[in-house]
1. Which of the following residues is outside any helix (DSSP H, G or I) and either touching a helix residue (DSSP H, G or I) at 6+ places or on another chain (Cβ under 9 Å) or at pLDDT 75 or above (or both): A:G47, A:G28, A:G8?
2. Within the stretch A:667-690, work out how many residues are facing chain B (nearest Cβ under 8 Å), under 30 Å from B:G79 (Cβ atoms) and in contact with an Asp or Glu (Cβ under 6 Å, 6 or more places away or on another chain).
3. What tally of residues in the stretch A:560-571 results from selecting those that are surrounded by fewer than 18 Cβ atoms within 10 Å (Cβ to Cβ) and either assigned to a helix (DSSP H, G or I) or facing chain B (nearest Cβ under 10 Å) (or both)?
4. Which members of the stretch B:83-122 meet the condition of being touching a Phe, Trp or Tyr at 6+ places or on another chain (Cβ under 9 Å) and polar (S, T, N, Q)?
5. How many residues, within the stretch B:64-78, are more than 10 Å from chain A (Cβ to nearest Cβ) and at negative phi?
6. Only residues that are in a helix (DSSP H, G or I) and more than 12 Å from A:D626 (Cα to Cα): list them for the stretch A:656-666, please.
7. Could you check the stretch A:532-568 and list, in sequence order, the residues that are among the small types (G, A, S), touching a residue at least 40 places away in the same chain (Cβ under 8 Å) and closer than 25 Å to A:Y412 by Cβ?
8. Any idea which of (1) among the small types (G, A, S); (2) at pLDDT 75 or above; (3) under 24 Å from A:L242 (Cα atoms) is the one A:S128 doesn't satisfy?
Amino acid sequence: MQLDDAGGALDSWARFCGLSDELFGGAGDLSAGPRLAPVVADLCARGLAGLLRDHFLRSLEGIFISNAVKKFWQQFHPYCSSSAGERIKSCVQENWPEEILGRALEDICLEKSYQEKCVLALVHCLQSYEDRTPCRKSKALDCSSSLMPRYQLMVSSVLLTTLPLSFPEILNVYFKKKLEELNILMAGSDGNNSFDDHDLSERNSTSALHSEMDIDGQEPEISESINLVKNIGKVVCDLRYLGFTSMTEDAYSSAIIWLLKSKVHELAGDDYRIPVLGCVKKWIQAVPLKFLHALLTYLGDSVDNESVSSGLKSPLASRPSSFPGIGVPSEALVRWHMRLEYFAYETLQDLRIGKLFEIIVDYPESSPAIEDLKQCLEYTGQHSKLVDSFISSLRYRLLTAGASTNDILHQYVSTIKALRTIDPTGVFLEAVGEPIRDYLRGRKDTIKCIVTMLTDGSGGNTNGAGNAGDNLLEELNRDAENQENVDYDDHTNIDEKQAWINAESWEPDPVEADPLKGSRNRRKIDILGLIVSIIGSKDQLVNEYRVMLAEKLLNKSDFDIDSDIRTLELLKIHFGESSMQKCEIMLNDLIDSKRTNSNIKTSLSKTSQTVGTVQEETELSHEILDATIMSSNFWPPIQTEELTVPASVDQLLSDYAKRFHQIKTPRKLLWKKNLGTVKLELQFEDKSMQFTVAPVHAAIIMQFQEKPSWTSKTLATAIGVPVDSLSRRISFWTSKGVLTESVGPDADDHTFTIVDSTSDFNKNSTVNQLCERFQMNEEEGESSIASVEEQLRKEMTVYQKFIIGMLTNFGSMTLDRIHNTLKMFCIAEPSYDKSLQQLQGFLSGLVSDEKLEMRDGSYLLRK
Amino acid sequence: MWFSNISLVCPKFCLAQPFYACSSNITNDITRRVADTKMKVKILQWHAVASWTWDAQDETCGICRMAFDGCCPDCKFPGDDCPLIWGSCNHAFHLHCILKWVNSQTSTPLCPMCRREWQFKG
């Protein structure tokens, strides 16, 4: 009807523009609103509703930008311009973001709410027009109802497009600071209450819940914290109102997580002796969850969620979790709880995994940390992370040339023990242990160290690093106790078939079984088995043990072998009786020797009593002589060396041997004169000293009874040893200050003189006690048993002729070919049974002796 | 050298008596010096090591081919537990080995080595 009335339309438009400007600039005065209605109705009737709306919004936008947005960002300007580092610093130091953010938000929200009112006014006008024209209702309804969302969208898009880059950061800093404040407050109130009330967490949380009623003088901290939460809530509200919902959530959740992280780090630290997981969990409920609860309640979310959650529950929330004080938790809170706990687990796990090496180093003390880690891993399932990081730290810190084999073995044992608690199935242990095993296989003294650990428990570690937890002997003991009803073969070498049968016959632990003992027995990871698997075969280990045992037994001055018998029994359980047979014979020899010894001695003393006269001449009583009589076939090869013992002792020995022959006809004794121990006392005019030495030392010093001064050559002849070994041995006495050495006329013929007078003695020896006892150190006492390598070299020497013959015929040969040829042709006694590695070792020995040459991987004779 | 000198001076003593006991008798010179030193060694305990052997003139038992100083295949411990026995023909075997052999023969047992009649050496 009025469609072509262009003039009227222009007129109405102009009036509309004027009125809307008046409205915008009204500064709180909305009186222009009602007057707008007829104009709007007129324009709508002309079909200009869309145009009208667009114009309205655009002018609002312009005003919003110029009035509010610029001012708003200007507040943060100093922080946006400076560099990131300074910005954070200034934010942390100064107090401003908290206040300024609050104030700026208030301002801009005021502006926005005013503009909203304007929009509402227009919406009213539009609605009233629509009410009057029902025919176009559907289309116009769109018009009016979409106005408000469009405005909201406009506001947030304006803000987001003008957003300075650092704004999220500022929000983050803000929340961090606020949360820290809150944390301190909570901690303070916790600390105060803990003195008088055990249910402090409950009380705190109830008070936090019923925030409004609780503002009384008795708990100022609580009310303060409530105010704080309120303040934060207001800021969050404002930010949401401006359309920063997701950014805000990001900011406060990252702040919470940051706080959680720092809390975990603070609690966990570098102390592995106390469990921290419980504390962290408690803290999560005490601080961040309470904060979130208060915040969500303030924002009104939890109420919404509660009504929703009854019908539509998240699977995550299915776990009935009750929080102290926070009656029925809303779903959002449950989600938060899960999230925070997961994050705490993950943080702690990462922290512990990073320090796993140290944790395992002090394993038995650090078991709480291991327990924590175990729980974390159960929750997060990131075992592979542990394996990777631990292996790399092992490579970097343990498996290096600088680490002693003992340390590596101790660490390996601790690792086994620690990982056994984390993962009883042993899958990850397998992965972690592999590099250690590989490395240890490359070390020469591995076997020796293992055997030492097995036998004396302390692992030969003199500096005290080997503590009781690493005691392999103890492990043996435990094995023996645990295995009473288990088949021995069951775990020493399970072949695949057996493993399959075991797997098939697996049954879950009975319900009533003691979970500690039962499961451990069944899923026990056998430490010894793992250690032995480093070496590859138990035979090597047993052989090394035999050598060490022989060494130990031969250096004994009594027959006390109880501990060795115990060890042997344990080893027998583990390695089987047959492989320990020779060791058993060795120990049996000692027992027999003890018996024979006392037997011979009593019979000897009887005869000496009857004869009577011999005693005076020899001066030495038979009482002083003890003998270890061994079945030499079963002992490892023994290094024999000629030694002429003093005649008096020689007399004793032959008497003894004669007696033995009488008692045990037709058996005979063959003395190994260089072996054994001698306890003697050097008597000077004014003092005496006791020593425990090897026979050769005794023979040397006894020569000085007759003549105070000897040249090394004459002395060597007298005691029947080569000069070079004599000068090695005699240094024991010079180092003790009993003898002095001086270079004689001949350069390599030194003269040794007994230090006779006391004054001389004092000069030479600082120790001056009436009776001193010296024990030979291990370096001084020489090994009487050929070591395993020496044995091997001896055995290989047989083949040297073959090898040299072969090389003469063939020119040059590779290692493989030599090995195979030997295997093929050396079948007669002694048949060739060495491994490729052993052959290689022998050949390289020949190369260093300049008998062979090695070129391009093949060996040839040296010309 | 020194030793041989002394032997020339007083061979009787040196052969019959322990070393230091004879030393004071050798020469004046030495006696004086011994008096000077006054160091005496008193042996409190001499723990020696020896091995035993059956002294059988042969290495291994002709029946079980194990060392005489070892033990027969049925035994665990050598020595008293597994003794050696000599026949009248002077051949030695592990007691357990020859007993087994003797008991297994239906007719008069023969020595496995020389085929003479086996009799235990009294």
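The values are calculated or read from the model by the stated rules, or taken from the named source; none is laboratory data. All of these numbers come straight from a predicted model, not from anything done at the bench. Positions of Cβ are generated from backbone atoms using ideal geometry, with glycine treated the same way; all protein chains shown enter the neighbour counts.
1. On the way: A:G47 fails: either touching a helix residue (DSSP H, G or I) at 6+ places or on another chain (Cβ under 9 Å) or at pLDDT 75 or above (or both); A:G8 fails: outside any helix (DSSP H, G or I).
Result: A:G28 is the single residue among A:G47, A:G28, A:G8 that is outside any helix (DSSP H, G or I) and either touching a helix residue (DSSP H, G or I) at 6+ places or on another chain (Cβ under 9 Å) or at pLDDT 75 or above (or both).
2. Final tally of qualifying residues: 1.
3. Step one: of the stretch A:560-571, the residues surrounded by fewer than 18 Cβ atoms within 10 Å (Cβ to Cβ) are A:560, A:562-563, A:565-566, A:569.
From what is left, the residues that are either assigned to a helix (DSSP H, G or I) or facing chain B (nearest Cβ under 10 Å) (or both) are A:562-563, A:565-566, A:569.
Looking only at that region, the number is 5.
4. Within the stretch B:83-122, B:S88, B:Q105, B:T108 meet the criteria.
5. Of the residues in the stretch B:64-78, the ones more than 10 Å from chain A (Cβ to nearest Cβ) are B:64-65, B:72-75.
After this cut, where a residue has to be at negative phi as well, the list is B:64, B:72-75.
Residues flagged as more than 10 Å from chain A (Cβ to nearest Cβ) and at negative phi within the stretch B:64-78 amount to 5.
6. At the first step, the residues of the stretch A:656-666 found to be in a helix (DSSP H, G or I) are A:656-663.
Correct list: A:K658, A:R659, A:F660, A:H661, A:Q662, A:I663.
7. So in the stretch A:532-568, the residues among the small types (G, A, S) come out as A:533, A:536-537, A:550, A:557, A:563.
Checking the rest, the ones that are also touching a residue at least 40 places away in the same chain (Cβ under 8 Å) come to A:533, A:536, A:550, A:557.
A:S533, A:G536 - these are the residues of the stretch A:532-568 that are among the small types (G, A, S), touching a residue at least 40 places away in the same chain (Cβ under 8 Å) and closer than 25 Å to A:Y412 by Cβ.
8. Result: A:S128 passes all but (3).
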